[in-house]
Amino acid sequence: MKERIELYPELFEYYPSNGIIEIYNCVNRIDSDFESLLRVCRFFAAEGKHCVILPKSLHRKSQEYCLVFGKLFGTKYDGKCPDLWIDGVFYEHEGHISKNGKKAFRNMMNRGLAQSSRIIIEDCNVTYSFILSSILGRQMIGIEIEELWALNQQEVKLLYKSEGQHSHAAPVFNESVESLARK
């Protein structure tokens, strides 16, 4: 019989805005993407959100999977393990190593959308028009994209947010979105 893992979130940081960051005890804090996940959580926690860094892989039929990812049962993400839980919603973070920005973007979107309809990608030096064209093209073939965020060394920015049938690009900040890739 397989040994059961004791699995629980540990409080990592608390913010005056009432934001919280928790990290599951089994999360490897020296993984290559841990610092990126933590930066994303710090951004959202500073806005008062409850953020949890989730375990990388749990077997779908395990009690642990049910505990952490039970909301995914019966959805197209059943059996998947997204990276983050932010205010009750799952998010997937994707990084890249390719020097080809368009290829990196496509790969991050493909991998990310297999885990969640809400994705946070690493800056890959592509234009906002390319990003929007890619999102719209995917939606035309039935791929659901609810949110797309970009992470660079300085910040996390919302690039796209769906509002049901009235989806919109979300350049909700002062500088142009295209400059995000050039920072």
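Criterion first (buried (at least 19 other Cβ atoms within 10 Å of the Cβ), part of a strand (DSSP E or B) and not assigned by TED's automatic domain parsing to the domain that holds Pro82) does Ile131 satisfy it? Judged against the criteria, Ile131 is not a match.
Could you pull out the residue among Ala104, Ala150 that is of a type in the set (Gly, Ala, Ser), surrounded by 16 or more Cβ atoms within 10 Å (Cβ to Cβ) and touching a Lys or Arg at 6+ places or on another chain (Cβ under 6 Å)? Break it down stepwise before answering.
On the way: Ala104 fails: touching a Lys or Arg at 6+ places or on another chain (Cβ under 6 Å).
That would be Ala150, the only listed residue that is of a type in the set (Gly, Ala, Ser), surrounded by 16 or more Cβ atoms within 10 Å (Cβ to Cβ) and touching a Lys or Arg at 6+ places or on another chain (Cβ under 6 Å).
Name the single residue that is farthest from the chain's Cα centre (by Cα) among those in the range 1-32 being acidic (Asp, Glu) and surrounded by fewer than 16 Cβ atoms within 10 Å (Cβ to Cβ). Don't jump to the end; show me each part of the working.
Taking the range 1-32 first, the residues acidic (Asp, Glu) are 3, 6, 10, 13, 22, 31.
Pick out the ones that are also surrounded by fewer than 16 Cβ atoms within 10 Å (Cβ to Cβ) and you get 3, 6, 10, 13, 31.
Numbers: Glu3: 30, Glu6: 25, Glu10: 20, Glu13: 19, Asp31: 16 Å.
Ranking the candidates gives Glu3 first.
Applying the set (1) modelled with pLDDT under 95; (2) of a type in the set (Gly, Ala, Ser); (3) closer than 24 Å to Cys81 by Cα to Ser117 leaves exactly one unmet item: (1). Among the residues making up the range 54-80, those that are modelled with pLDDT under 90 and closer than 18 Å to His93 by Cα are Lys56, Ser57, Leu58.
Does Gly70 fit the bill of being outside the structural domain of Ser162 (by TED's automatic domain parsing) and either among the charged types (D, E, K, R) or in a loop (DSSP other than H, G, I, E, B) (or both)? So Gly70 fails the test.
Considering the range 33-46 alone, what residues qualify as being surrounded by 13 or more Cβ atoms within 10 Å (Cβ to Cβ) and out of contact with any strand residue (DSSP E or B) (no Cβ under 8 Å at 6 or more places or on another chain)?
Residues of the range 33-46 that are surrounded by 13 or more Cβ atoms within 10 Å (Cβ to Cβ), as a first pass: 33-34, 36-46.
Within the range 33-46, just Ala46 meets the criteria.
Return a yes/no flag: does the range 75-82 have any residue that is surrounded by fewer than 16 Cβ atoms within 10 Å (Cβ to Cβ), in contact with a helix residue (DSSP H, G or I) (Cβ under 7 Å, 6 or more places away or on another chain) and in a helix (DSSP H, G or I). No - not one qualifying residue is present in the range 75-82.
The values are calculated or read from the model by the stated rules, or taken from the named source; none is laboratory data. Worth saying up front: this structure is predicted, and the values here are computed from it rather than measured. Methodologically, a virtual Cβ is constructed for each residue, glycine included, from the backbone with ideal geometry; neighbour enumeration extends over all protein chains shown.
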